[in-house]
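Report on the structure given below.
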Amino acid sequence: MTGDDTAPDVSRLLRGIARPALVWTAHFIFVYAALSAACANRGFVTFGLVDIAIIVVTVPAVLAAGWSIFRPGGVELAVAARWTGIISVVAILFTAAPAVLMSSCG
Amino acid sequence: MTDATITEPHEQGPILEERHPTYEEVWATPKGWRKLSSVSHRVVGKRFIVTGLIFFLIAGFLALLVRTQLIVPNNTFLDAETYNQVFTMHGTLMMFLFAIPILEGFAVYLLPLMLGARDMVFPRLGAFGYWCYLFGGIIVLSSFLFDAAPDGGWFMYTPLSTREYTEGLSADFWLIGVTFAEIASVTAAVEIIATILCTRAPGMSLTKMPIFGWYMLVTAFMIAIGFPPLIIGSLLLEAERVIGLPFFDPAMGGDPLLWQHLFWLFGHPEVYIIFLPAAGMVATMLPTFVRQPLFSYGFVVAAVVTMGFISFGLWAHHMFSTGLPTISLSLFSAASTVVTIPTGVQIFALIGTLALGRAQLKVPMLFILGFLFIFVMGGLTGVMLAAVPFNWQAHDSYFVVAHLHYVLIGGMVFPLIGAFYYWTPHFTGRMMSERLGKWAFWLMFSGFHITFFLMHITGLRGMPRRIATYPEGLGWDRLNMLSTLGSYIFAAGILIFMLDFIRHRWTGTPAGRDPWGAGTLEWLYPAVAPGHNFHAIPRVTSREPLWDDPRLLEAEAHEIDGSLRGAPRGRRETIGCHPVTGEPHQIIRLPHPTFIPLWAGVGVAVAAVALLAGAYLVAAAAAVATLVIFCIWAWEPSFTGETHNSGPDGVLPVNAVSRVSHTHVAIVGTLLIIGSLFASLCFAVLYLWNVWPSFTTTAGLADPIFAAAAAVLGLGLAVLCELGKARTNVLADMLCVLISLGAGAALLWSMQATDPLASALGATLTVTVVFVAIHCGILALWSAIMGARKLAGQVSAEQTLPELNRATYAKVTGAMLVIMALLLCAPQLGVLS
């Protein structure tokens, strides 16, 4: 089955595939930058602040990436969008985990 | 002679002169020395493949030297200095000059055939990329002739590679040669993106695209984003070596780890850039031998896309022992673990496909099974290395050497050799030998495991990598002996493959049409390459058109119905499609053979060699000459405004003015590369600022007035180009020239208080400013050429494609000017002081 090939449908599905991965990218960059700001020599911000910021940012990131998981339809690109969502949500949670589980830069 | 009655299967070139004389003439490959002017994807693709194969053999020979040196303890076969050169060049040739270029060669050759296009969409760019690759490779390799072969390891770590510790030219050969060769990769990336998105056969929506297309699309985007950090790193290191800008000197606020960050920002995604095309080949070949479509296409697309993204979040797992904060180690350890999910999804999809039917154990299938077995083992040791404590233990030991060879040889070399057996009939019209192929496989498979499985144990017993010899009695002697013998067995397998590859050209069984019974479009024509593709481009209704539409193989290939039959206008043309739906929306006019790409490549090569020789005036002259050649390249008639009947798909415009046209898609691809270059520089600035706060004041403050002026001019430039994109106007072009030059000059002027030699931060800021100013200069030159073409009467009112493309380019240039101004003014604003 190759599904509906009209431009709006395929474009919608493509956005559904790309969005979770882009959300993971933005979230990863934020987490890396925040940890660098807290843990490098300059000590631009405190670790406690970074810890809270990462938790706060992770919630909407999971929601935005997870949106694709509930995309209906059995066509292959809909399946691709769902699985991109699932993998990206797991990746976002993995990315946030160190900041949540650790209490200092170490 | 028709293509259905082939009597000389090995013969190349046009075979239908009598029945389609105009078409054959238009698409003919020039003969003799003039073949150097060919820009056809078949010729360029084969050049990449053959050149890559030669580099592979050279690098393999170097690997045998390494193994021979290590066969017994206290060996004196190679001295330490030569040993360092040999393993450095082995890694460099394999990673930069073999793995990526040869896969790109297969992509350049196969993609148009699979997608239903007559050629890649930018044939001259592909040819230029090949010459850059060839000349860059020759530069790197020629270092042996001057006894200046690089010896700092394939990742050229600082401070070892700085002038202080590596005198002479060896590191310069590496930096200039590799950077030069990388031009080929990024140009190929742009070409592949635009070809996949814009030249598919009518009806080939993204859901009907062969899976290899998805793999190559993601790979091309990864190259566009992943290669720039190394290009920037190489330029910075070369600038430190030649001019003395202290990017990596801790005494001046620099940091050797900055090089590692930039290198591995490229280096880790590169592993996936190598793996993905090879996995795409496997996912294409496997269904043929199982006689079933790929299992779970949607899962694979999801896995490929997410792998493309997540692989950029792993770079620092190569830096676990450099003293990064524990939380950073945890972050990259988590990312390294999670990337196994998309990898596993792909592997399970392949196993699922295997389970759908009874696989025919032909030679390509053996190599596919070898790939699955070896790559999974390499992946498992990768998960082990993602765990920080184990990584610390195994760091820089032979365990890591074993792991990376399991991943790269299993994940790339085995699929590649399988691909040679599968697609070689396309190149020569003959089949390679099943018997010799099986010998090659079993020798390679057994030799590989003897060599590299034992290295895990050698590494766990503590043997460090990159040591020229070792004392006896440490428990490494027998393991090294066996590893070396295994490498000889592996090499014997490669030798048999090469002998078969050469032999079959004359004595191989002639291949019939679709010799494997494959379903993808590249097998539509008989295996004898006619020198060009589709006489008419058929409508595609499924992912396996040759399985699902029996009419395609019932008729002679050149008589199949389709769009754009023949070459009635005496020009090379192909169908341009909507990137998403695959429906035709334009006719793309393609260039004929030309020497321009070769001259441009020679120009860059002369500049590179002159830089190496310290002949800076010659280098500058060559750079100017290259710029002139590019201007000649750009000075060609525009065909926008013409419309022609394409046949079943009706009347279509030529080179349509559209955001989804191939040139605009290519501009977007190019801007991705430029954006990644700029982001790499910004990363370097912020990294140094963050790591060495005490040097912030030494860098000096920028002039906020001039920086702000540059930003305002940048915004004005973007607005002007956006408003003027719908009409041709010489005055607007001239205004763009002035504003671009003004913005670049203002930005440069704002840095007058900064001494780039005084601190690493100042040097990095200066280079970033110069980078943005260069783009202002490019925009000025572009606008000047557009204006000159109009003044010369070459452009009519509706030919506004360059205006559309320039508007997009100007927006990004404007954004870079604004970001740069913010970065420069931040200290005055009290934000980043």
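Read-outs: derived from the displayed coordinates by stated rules, not from any lab. Fair warning: this is a prediction, and the values are worked out from it, not measured in the lab. We place every Cβ from the backbone using ideal geometry, glycine too, and count neighbours over all the protein chains shown.
Summary table below
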{"quantity": "Selection from B:A194, B:V178, B:T166, by position along the positive dipole direction of the stretch B:90-214 (Cβ)", "calculated": "B:A194"}
{"quantity": "Stretchable slack from B:V770 to B:A826, in nm (0.36 nm times residue separation minus alpha-carbon distance)", "calculated": "18.3 nm"}
{"quantity": "Among B:G323, B:S433, B:F61 the positive-end extreme of the charge dipole of the protein assembly as shown (Cβ point charges)", "calculated": "B:S433"}
{"quantity": "Cα convex hull of chain B, projected area averaged across orientations, nm²", "calculated": "33.4"}
{"quantity": "Rh by Kirkwood over Cα pairs, then Stokes-Einstein D for the stretch B:648-802 at 1.567 mPa s and 4 °C, µm²/s", "calculated": "73"}
{"quantity": "Packing rank of B:508-514, B:437-443, B:267-273, where each peptide gets the mean count of other beta carbons within 10 Å, highest leading", "calculated": "B:267-273, B:437-443, B:508-514"}
{"quantity": "Neighbourhood net charge (14 Å Cβ-Cβ; Lys/Arg +1, Asp/Glu -1) for B:T82", "calculated": "-3"}
{"quantity": "Per-residue mean of C-beta atoms belonging to partner chains within 10 Å, peptide A:43-56", "calculated": "1"}
{"quantity": "In range of the label at B:L36: residues from the stretch B:183-205 whose backbone nitrogen is under 20 Å from the point 7 Å along Cα→Cβ", "calculated": "B:184"}
{"quantity": "Packing rank of B:571-580, B:455-464, where each peptide gets the mean count of other beta carbons within 10 Å, highest leading", "calculated": "B:571-580, B:455-464"}
{"quantity": "Magnitude of the charge dipole, the protein assembly as shown, Cβ model with Lys/Arg +1 and Asp/Glu -1, debye to 20", "calculated": "900"}
{"quantity": "Degrees, to the nearest 10: A:47-66 long Cα axis against longest axis of chain A", "calculated": "0"}
{"quantity": "Set B:K31/B:K438; B:K35/B:K725; B:K46/B:K438; B:K208/B:K362 screened for pairs whose C-alpha atoms are more than 30 Å apart", "calculated": "B:K31/B:K438; B:K35/B:K725"}
{"quantity": "Per-residue average of Cβ from other chains inside 10 Å of B:305-316", "calculated": "5"}
{"quantity": "Sorted by Cβ neighbour density within 10 Å, fewest at the top, the residues B:S446, B:S694, B:S661", "calculated": "B:S694, B:S446, B:S661"}
{"quantity": "The stretch B:764-833 versus the stretch B:318-363: alpha-carbon centroid distance in Å", "calculated": "40"}
{"quantity": "Most to least packed among B:336-346, B:593-603, B:407-417 [average Cβ atoms within 10 Å]", "calculated": "B:407-417, B:336-346, B:593-603"}
{"quantity": "The stretch A:22-106 - Rg and Dmax from Cα coordinates, angstrom", "calculated": "15.1, 51"}
{"quantity": "Helix-only mean residue ellipticity at 222 nm for the protein assembly as shown, each DSSP H run of n ≥ 4 adding -39500 (n - 2.57), per residue, nearest 500", "calculated": "-22000 deg cm²/dmol"}
{"quantity": "Virtual spin-label span in nm between A:I52 and B:I502, 7 Å along Cα→Cβ", "calculated": "7.2"}
{"quantity": "Using alpha-carbon coordinates, inclination of helix A:76-101 to the longest axis of chain A, degrees", "calculated": "10"}
{"quantity": "Simple label model, 7 Å out from Cα along Cβ direction - B:F453 to B:L57, nm", "calculated": "3.0"}
{"quantity": "Efficiency of FRET from Cβ geometry, B:R163 and A:A33, R₀ 35 Å, rounded to 0.05", "calculated": "0.60"}
{"quantity": "Euclidean distance of C-alpha centroids, the stretch B:84-122 and the stretch B:542-579, integer Å", "calculated": "27"}
{"quantity": "B:L361-B:Q794 pseudo-label distance in nm [points 7 Å out on the Cα-to-Cβ vector]", "calculated": "6.2"}
{"quantity": "Normalised convex hull volume, the stretch A:34-75, alpha-carbon set, Å³ per residue", "calculated": "66"}
{"quantity": "Whole-angstrom gap from the stretch B:441-496 to the stretch B:134-182, using each part's C-alpha centre", "calculated": "27"}
{"quantity": "At R0 = 45 Å, FRET efficiency that the Cβ-Cβ distance of B:I467 and B:N645 yields, to 0.05", "calculated": "0.05"}
{"quantity": "FRET efficiency, B:L757 to B:V624 (Cβ-Cβ, R0 22 Å, nearest 0.05)", "calculated": "0.25"}
{"quantity": "Dipole magnitude of the stretch B:686-825, debye to nearest 20 (Cβ charges: Lys/Arg +1, Asp/Glu -1, about Cα centre)", "calculated": "300"}
{"quantity": "Charge-dipole axis of the stretch B:494-559 as Lys and Arg at +1 and Asp and Glu at -1 on Cβ define it, positive-most pick from B:G517, B:V540, B:M498", "calculated": "B:M498"}
{"quantity": "Net charge dipole size for chain B [Lys, Arg +1 and Asp, Glu -1 on Cβ; Debye, nearest 20]", "calculated": "1060"}
{"quantity": "Neighbour-count order for B:T82, B:T808, fewest beta carbons within 10 angstrom listed first", "calculated": "B:T82, B:T808"}
{"quantity": "Least to most buried among B:E164, A:E76, B:E434 (fewest other Cβ within 10 Å first)", "calculated": "B:E164, B:E434, A:E76"}
{"quantity": "Longest to shortest principal axis, alpha-carbon extents of the stretch B:772-820, angstrom", "calculated": "38, 17, 9"}
{"quantity": "Kirkwood Rh in Å, taken over the stretch B:696-780 so that all alpha-carbon pairs contribute", "calculated": "13.6"}
{"quantity": "Loop-located trypsin sites (Lys or Arg not before Pro) in chain A, at most 15 other Cβ atoms within 10 Å (DSSP)", "calculated": "none"}
{"quantity": "Rounded to whole Å, sorted largest first: equivalent-ellipsoid semi-axes of the protein assembly as shown, Cα gyration tensor", "calculated": "40, 37, 28"}
